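Here's the structure we're looking at; comments come further down.
The values are calculated or read from the model by the stated rules, or taken from the named source; none is laboratory data. Predicted model only: the values in this text are computed from it and were never measured. Note that each Cβ is placed from the backbone with ideal geometry, even for glycine, and that neighbours are counted across all protein chains shown.
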Amino acid sequence: MEKTRYPVWFLGTVALVIAALAAFNAIAGAYILGHPAGGSVQTLSGFERALKPVWLEQIAPELVFVGSSRVRDGFDPVLIDPALGIRSFNYGASSMTPYETRRFAQDALAHNSVKHIVVSLDAFTGNGGPGEALPSFDETRLSVTPEGTPTPRRGLWLFTTRYLSGGALGMNALSAWSLAQLKTGQSAADRPDIFPAYSRMTEAVLKRDLNYRRARTMTMGDGPARELSAMLTAACRAKARVTLFFPPDNMAIIARYRQSGGLDAFKQTVRTMVARHNTSCPNKAGLFDFMAPNELTRESLRDGSSPNYVDLVHFRPPAGLWLLGQMGLTGPKGT
């Protein structure tokens with residue numbers, strides 16, 4: 001009798017823990033998706049790689065943004081959806097690799113609800129190679145394989161991710177806690193201490209960022225170029241439009257890119273690839289260059305802080321709306 005008591009106790013405890021984990025994830029997920037400011041949690045940094053494929057499936061958006069933390073910070077569905085009259089989704093993640101960018105874009109292209117995908121090109125810089133991804137990224141959560149075929153048993157993987165994964169637990173806990181801090185009527189913009197995408201660059205941040213990013217370059221190696229080419233190939237006959245853009249890094253840091261070299265070559269390589277794609281593919285890609293002098297990038301501090309930047313490369317969500325207007329996404333017909 002004693003020999004069987006421990007296994008029963010152990011298995012019962014494990015079952016209770018699993019049930020508690022699933023229940024928390026289910027309740028927190030419903031709370032996040034139903035909260036008026038729920039879309040703003042897509043701007044938070046946490047376990048977004050783990051849970052965002054699940055949210056994409058649940059939200060079924062028409063407009064999707066893909067890219068690094070520049071995208072994650074800069075496009076808040078809570079601002080975008082009422083302005084454009086659509087459902088949007090922020091598929092951005094910190095330090096997104098070229099491979100992850102291509103794969104997340106492939107995932108979005110495979111969803112019938114998606115009509116337009118906007119991709120930031122800074123994610124295709126550096127020397128990242130095929131398959132390079134950061135922790136919590138998992139191929140099985142995406143709609144298609146790298147070759148474009150349906151992912152086997154994806155429904156099972158999404159279910160286990162949504163209810164039983166540690167990544168979902170972490171992201172749900174962070175998101176639910178952040179939303180719970182908002183008082184009635186408050187939005188993420190009212191709490192930049194909780195939602196850093198709405199914080200503002202100060203003189204101290206500007207100086208720190210110039211020093212921190214002094215050695216950064218804006219170049220594209222062979223690996224990222226292959227991933228960008230693979231993404232364009234996936235979009236060639238897709239139903240969803242694809243728009244690429246060079247992000248609006250502040251002119252102070254763009255000057256550093258030019259000093260280090262490679263920026264002009266990077267831009268020309270992308271232009272050539274997009275032109276080749278548009279010549280041979282029925283689904284034309286749009287291309288916008290905001291990494292140049294413009295109303296946003298020439299901005300200087302006002303009363304000691306920036307109205308449009310978190311730091312020299314991360315733009316705030318109101319600036320994201322301005323960018324969409326420049327791209328011609330001004331309402332349902334514009335998307």
Across the stretch 141-160, the tally of residues that are aliphatic (A, V, I, L, M) and under 15 Å from Leu51 (Cβ atoms) stands at 2
Can you tell me which residue in the stretch 6-61 is nearest to Lys183 (Cα to Cα), limited to those that are touching a Gly at 6+ places or on another chain (Cβ under 7 Å) and crowded, with 20+ Cβ neighbours inside 10 Å?
Ile32
Within the stretch 155-169, the residues that are in a helix (DSSP H, G or I), of a type outside the set (Val, Ile, Thr) and buried (at least 16 other Cβ atoms within 10 Å of the Cβ) are Trp157, Leu158, Arg162, Tyr163, Gly167, Ala168, Leu169
So which of Val64, Val119 ends up being touching a residue at least 40 places away in the same chain (Cβ under 8 Å), outside any helix (DSSP H, G or I), crowded, with 22+ Cβ neighbours inside 10 Å and touching a Phe, Trp or Tyr at 6+ places or on another chain (Cβ under 7 Å)?
Val64
When the stretch 70-119 is examined, which residues are found to be at positive phi and either at pLDDT 95 or above or in contact with a strand residue (DSSP E or B) (Cβ under 7 Å, 6 or more places away or on another chain) (or both)?
Gly85
So in the stretch 311-330, with the set limited to residues that are on the phi < 0 side of the Ramachandran plot and assigned to a loop (DSSP other than H, G, I, E, B), which one is surrounded by the fewest Cβ atoms within 10 Å (Cβ to Cβ)?
Thr330
Identify, from the list Ser40, Ser45, Ser120, Ser88, the residue that is over 19 Å from Ala189 (Cα atoms) and among the small types (Gly, Ala, Ser).
Ser120
Could you list, in sequence order, all residues of the stretch 216-245 that are part of a strand (DSSP E or B), within 14 Å of Leu121 (Cβ to Cβ) and modelled with pLDDT of 95 or more?
Val242, Thr243, Leu244, Phe245
Per the filter on the stretch 207-222, residues closer than 26 Å to Asp289 by Cβ and surrounded by fewer than 19 Cβ atoms within 10 Å (Cβ to Cβ) are Leu210, Tyr212, Arg213, Arg214, Ala215, Arg216, Thr217, Thr219, Gly221, Asp222
Residue within the stretch 296-310 that is under 18 Å from the mean Cα position of the chain (by Cα), outside any helix (DSSP H, G or I) and not small (Gly, Ala, Ser) present:
yes
